[in-house]
Amino acid sequence: MAEELTEYTGPATMEKITSLAKRRGFVFQSSEIYGGQNGAWDYGPMGIELKNRIAANWWKAMTQLHDEIVGLDAAILMHPRTWEASGHVENFTDPLVDCKKCKTRFRADMIPEENLANKTCPECGGELTDTRKFNLMFRTHIGPTEDNAGLIYLRPETAQGIYVNYKNIIQSNRMKIPFGIAQIGKAFRNEIVTKNFIFRTCEFEQMEMQYFVKPGTDVEWFNEWKKRRWAYYEKLGVKMDHLRWHQHGPDELAHYAKDAYDIQYLFPMGWRELEGIHNRTNYDLTRHTEYSGKDLQYIDQDNNNDRYIPFIIETSAGLTRTLLMLICDAYDEEKVADKGDADDWRTVLRFHPVVAPVTVAMLPLMKKDGLAELAQDIRNELKEDFATDYDQAGAIGRRYRRQDETGTPFCVTVDYQSKEDGTVTLRYRDSMEQIRVPRAELTEKIRQEIKAYKRK
Ligand code: ATP
């Protein structure tokens with residue numbers, strides 16, 4: 001086995017990623033004109049396309065490709081008892097310390113141990129407060145009064161919406177164990193420290209799948225889902241030497257977990273969690289049985305109506321965190337000329353075509369002599385199958401660079417020859433190779449290229 005990478009050595013930095021994301025319309029600071037809202041971000045025209053495609057790709061991998069997994073979209077606001085049953089009211093806390101001098105807040109588990117031991121601020125050397133527990137759930141009120149009767153939480157994970165619906169889904173869709181329920185949606189956590197751009201935010205999106213299994217088969221299914229989730233990233237063309245497993249030690253395990261592994265990615269700021277795979281046992285359903293008074297046992301009609309509370313294997317990935325990972329993973333700088341100026345280099349996002357915000361850009365070589373009209377005409381044809389862009393302004397080299405920077409895998413140009421023989425030029429983002437293709441074969445050619453795409 002190849003030796004594990006210890007640090008990131010690629011061309012990306014978080015500054016470059018943040019600046020590219022803003023400049024090219026991927027991600028903007030929330031409420032920027034008011035100075036920005038900490039922990040919240042807005043996804044611009046490129047960002048929303050990328051995010052939607054990542055979500056669609058995950059959804060396909062988790063539902064369409066598995067006969068026994070169905071989807072759900074549960075509400076963000078849930079009955080507050082949900083969070084008592086799940087243990088979040090009691091346990092979903094981070095250890096918090098404040099500096100009395102500079103007022104900075106820290107997660108106690110994120111500062112050096114010696115600072116914690118001698119209670120000195122790692123920023124200014126001032127005195128730190130005692131460590132106290134801080135619950136990460138956002139609280140608000142429903143109804144016209146702000147008293148405790150109307151207290152409600154913004155969900156800190158999407159999973160509980162699945163658990164409280166599991167019986168509904170068994171009944172409505174005649175599911176038999178083992179089966180899964182997948183969901184993508186917003187989650188909210190009042191994070192003490194939000195840094196590294198969109199890595200850790202207060203409002204974010206999760207892609208979670210809960211797999212219901214017979215007790216005793218949970219370890220086997222846990223290992224199976226570890227394999228499947230690893231293969232998922234491989235198929236997406238992620239740099240596999242930038243991924244590794246991290247098993248939770250006894251002090252890291254969540255209150256519900258029997259075993260847990262994170263898939264970590266080597267971001268420019270180091271190895272960080274991307275997705276968690278958890279054996280949540282029958283903890284959640286047992287607690288919901290207790291707190292709701294409803295019988296949440298599964299009745300195994302194929303096995304003498306055996307009754308049991310299923311174990312749950314969870315795969316929990318951050319959608320917005322995956323988006324950041326994919327931008328970092330795709331980011332490259334490449335020397336493409338030797339003229340001694342800034343144009344010698346290109347910045348290119350090598351996204352897999354299935355997630356790239358724009359799949360095909362149409363670039364007429366000239367505006368005049370009917371080339372622009374011809375290009376528009378071809379674009380209208382391509383629109384039915386692909387996300388397209390159109391750009392007729394400026395030198396063709398510059399236009400290619402703009403598309404490279406947002407990760408468009410294919411550019412199509414039309415020139416005078418196109419008018420004569422009906423062919424166009426197809427240019428590949430990664431190799432910059434150009435080939436001529438008959439217009440009538442273009443859609444099929446691009447479709448095949450997407451299917452066969454392998455990252456070099
Ligand atoms: P951490 O220890 O980093 O706070 P966690 O272990 O609590 O994270 P989980 O509860 O397992 O995270 O959440 C599952 C996934 O949801 C994470 O792997 C991550 O991709 C995503 N996620 C969790 N918290 C955030 C956040 N504040 N911002 C963005 N994504 C998040």
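Derivation of every value follows stated rules applied to the coordinates shown; laboratory data play no part. Here the structure is a predicted model, which means the values were calculated and not measured. Neighbour counts run over all protein chains shown; Cβ positions are idealised from the backbone, glycine included.
For segment 6-110, just say rounded, prolate or oblate: build the C-alpha gyration tensor, square-root its eigenvalues into a ≥ b ≥ c, call rounded for a/c under 1.5, and beyond that prolate if a/b exceeds b/c, oblate if not.
Oblate, because a/c is 1.5 or more while a/b does not exceed b/c.
Listed by chain and number, the aspartates and glutamates placed with their C-alpha closer than 12 angstrom to that of Lys368 are Asp415; residues fewer than eight positions away on the same chain are left out.
Using a ≥ b ≥ c from the Cα gyration tensor of segment 393-445 (square roots of the eigenvalues), is it rounded, prolate or oblate, where a/c under 1.5 gives rounded and otherwise the larger of a/b and b/c decides, a/b for prolate? The shape class here is oblate.
For segment 307-456, the spherically averaged projection of the C-alpha convex hull amounts to 12.7 nm².
When the charge dipole of segment 405-456 is built from unit charges on Cβ atoms (+1 for Lys and Arg, -1 for Asp and Glu) and taken about the Cα centre, the candidate among Ala440, Tyr416, Tyr453 whose Cα reaches farthest toward its positive end is Tyr453. Take 82-92, 113-123 and order them by the average number of nearby Cβ atoms within 10 Å per residue, most first; the result is 82-92, 113-123.
Based solely on its DSSP helices, what 222 nm [θ] is calculated for the chain when runs of n ≥ 4 H residues each add -39,500 (n - 2.57) and the sum is averaged over all residues, nearest 500 deg cm²/dmol?
When only DSSP H runs of four or more count, the value is -8500 deg cm²/dmol.
Just list whichever of Lys51/Lys214; Lys186/Lys227; Lys60/Lys451; Lys16/Lys227 have alpha carbons separated by over 24 Å in the model shown. Going by Cα-Cα distance, Lys51/Lys214; Lys186/Lys227; Lys16/Lys227 fall outside the 24 Å limit. Compared with the alpha-carbon gap, the fully stretched path from Gln64 to Ile435 is longer by 130.1 nm at 0.36 nm per residue. The chymotrypsin sites (Phe, Trp or Tyr not before Pro) found in segment 388-421 include none that occupy coil by DSSP while having at most 15 further C-beta atoms within 10 Å.
Between Phe138 and Ser292, the FRET efficiency estimated from the beta carbon spacing at R0 = 22 angstrom works out to 0.40.
As a rough footprinting exposure proxy, the listed residues Val97, Val336 were ranked by other beta carbons within 10 Å of their own, and the order from fewest upward is Val336, Val97.
Most exposed first by the Cβ proxy, i.e. fewest other Cβ within 10 Å, how do Met362, Met240 rank?
Ordered from fewest to most neighbouring Cβ atoms within 10 Å, Met362, Met240 come out as Met240, Met362.
From the gyration tensor of the Cα coordinates in the chain, what semi-axes in whole Å does the equivalent ellipsoid have, largest first, with each one equal to sqrt(5λ)?
Equivalent-ellipsoid dimensions as semi-axes: 44, 30, 21 Å.
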